[in-house]
1. Tally up the carbon and sulfur contribution to the accessible surface of the chain as a whole percent, 1.4 Å probe, everything protein left in place.
2. Have a look at 223, 353, 141 and tell me which one the Gaussian network model of the chain (Cα, springs below 10 Å) gives the largest fluctuation.
3. Over the Cα atoms of the chain, each weighted equally, I'd like the Debye log10 I(q)/I(0) at q = 0.06, 0.07, 0.08, 0.15 Å⁻¹, rounded to two decimals.
4. If each DSSP helix of 4+ residues adds -39,500 (n - 2.57) and the sum is divided by the residues in the chain, what number results at 222 nm, nearest 500 deg cm²/dmol?
5. Restricting attention to the stretch 1-110, which trypsin sites (Lys or Arg not before Pro) occupy a DSSP loop and are surrounded by at most 15 other Cβ atoms within 10 Å?
6. Compute the accessible area per residue over the stretch 299-402, keeping the other protein chains in place, probe 1.4 Å, unit Å².
7. Taking 0.36 nm per residue of sequence separation and subtracting the Cα-Cα distance, how much length would be gained by fully extending the chain between residue 37 and residue 364, in nm to one decimal?
8. Relative to a virtual label point 7 Å from the Cα of residue 375 in the Cα→beta-carbon direction, which members of the stretch 342-362 show backbone nitrogen distances below 17 Å?
Amino acid sequence: MPTKLRLYDTMTRRKETFRSIVPGEATMFVCGPTIQDFMHVGHARTYLFYDMLARYLAYIGYNVRFLLNITDVDEGIVNRAKAEGIRLSSFTSKFRRSFLTDMRGLGIRSVSAYESVSKFVPVVIEQIKGLLSRGYAYPADGNIYFSIDAFPDFGKLSHLTREQIMMRPLEISRVKKNQADFSLWRATSSVEQQWESPWGRGTPGWHIQDTAVSSKHFGAQYDIHGGARELIYPHHEAEIAQMEALTGRKPFVRFWVHTGLLTQRWEKMSKSKGNVLRIKDLLKDYDPNALRLYLLRMHHTVDAEFDESEVRKWEATYWRLRDLAKATADRSAGGHQKLHPSSARFFAAMDDDMDGRSAIDFLLKVARKGARERNGREASRILQLLLTGSSILGVTLFDAEN
């Protein structure tokens with residue numbers, strides 16, 4: 001399917017024209033949360049961007065399958081549940097429900113499936129067997145490690161040299177052949193999260209949890225992998241190594257699309273720093289459409305500072321946009337109309353690496369024009385543009401909209 005959409009690809013470090021593996025089909029996997037706390041606005045920024053991308057891909061004619069995993073296998077989850085005196089199953093259910101509630105509250109509707117990684121342990125075990133048989137992994141003291149020395153391409157996504165990789169050792173252990181090797185399977189004494197395997201009772205490593213989920217849905221290759229840029233190394237680097245070593249097919253993913261971090265006081269949001277703003281709290285104070293406009297106007301590739309005073313301004317701007325849309329509708333001649341010719345500017349912004357800032361600013365400008373338009377036919381075409389653009393952005397202009 002021909003398209004003008006160009007996305008910045010972390011692998012090539014330039015904007016690339018989007019082409020899907022299967023014509024007319026677009027497959028996208030995005031790393032979801034580790035469910036040990038409530039979702040904060042930094043998460044929202046990431047997931048809102050991929051929601052907009054999925055909506056746009058659907059609009060230009062792709063059948064989109066958007067998969068998002070939920071990490072419910074993690075030592076941190078077990079420790080948090082113990083600290084709070086809550087059964088692990090109750091703890092993970094609580095934060096899974098909270099996450100899904102926040103996603104609905106933000107108007108994120110494009111995700112095809114949310115998959116808990118704990119359901120995919122049998123797939124993990126089969127992938128590890130395959131990596132062992134192909135010589136890419138080795139056992140050590142009840143653990144299974146991936147050998148980066150057996151995979152010369154390790155580092156190609158993060159653009160790190162071997163020397164740089166060796167300066168960033170992972171999971172220090174005396175039993176590893178190389179301190180940059182990473183876990184596929186971990187021996188554990190934790191009774192809360194352990195499974196039987198050919199190598200004894202244990203738990204899957206973090207990186208292989210995601211390839212188990214994505215491969216079960218999409219197979220050996222798919223179109224887009226997303227997540228915040230902090231996941232590039234080692235997480236996404238490890239995913240590439242696992243799947244390309246296992247299947248022999250390259251590339252594992254055609255487009256690596258990453259979002260920047262959202263900071264407060266120019267620090268990454270984290271609970272330990274006390275600078276986390278929870279989505280469930282923000283949604284009590286602000287309309288989700290205002291949050292969408294504010295966050296989607298940030299270019300997805302750059303880090304950005306969260307400013308709650310700016311959200312207040314966008315709250316007012318959103319309601320002004322609704323008023324302008326209503327005024328345009330009142331001036332409309334009615335009936336089905338083609339998009340206004342100026343719509344090319346909106347789609348040019350979308351095609352240019354999903355430039356939300358330019359797209360939103362243009363819609364505000366054309367809405368002001370529509371509210372003054374005296375030609376009913378022209379007003380109808382502007383209204384159609386406003387409805388189409390707002391749908392791609394996930395912004396509701398009229399109460400009757402879904």
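The values are calculated or read from the model by the stated rules, or taken from the named source; none is laboratory data. Note that this is a predicted model, so its numbers are computed, not measured. Neighbour counts run over all protein chains shown; Cβ positions are idealised from the backbone, glycine included. Each accessible area value is taken on the protein alone, full model and side chains, heavy atoms only, with ligands, DNA and RNA left out. Shrake-Rupley method; radii C 1.70, N 1.55, O 1.52, S 1.80 Å.
1. Looking at the chain in its full context, I get 49 percent from C and S.
2. 141
3. -0.27, -0.37, -0.47, -1.41
4. Numbers: 13 runs with 172 residues, N = 402.
Value at 222 nm, helices only: -13500 deg cm²/dmol.
5. On the way: sites: 4, 6, 13, 14, 15, 19, 45, 55, 65, 80, 82, 87, 94, 96, 97, 104, 109; in loops: 4, 13, 19, 87, 109.
The qualifying sites are 4, 13, 19, 87, 109.
6. Working: 5100 Å² over 104 residues.
Accessible surface, normalised per residue, equals 49 Å².
7. Values: separation 327, 0.36 × 327 = 117.72 nm, distance 3.62 nm.
Additional length available on full extension: 114.1 nm.
8. 342-344
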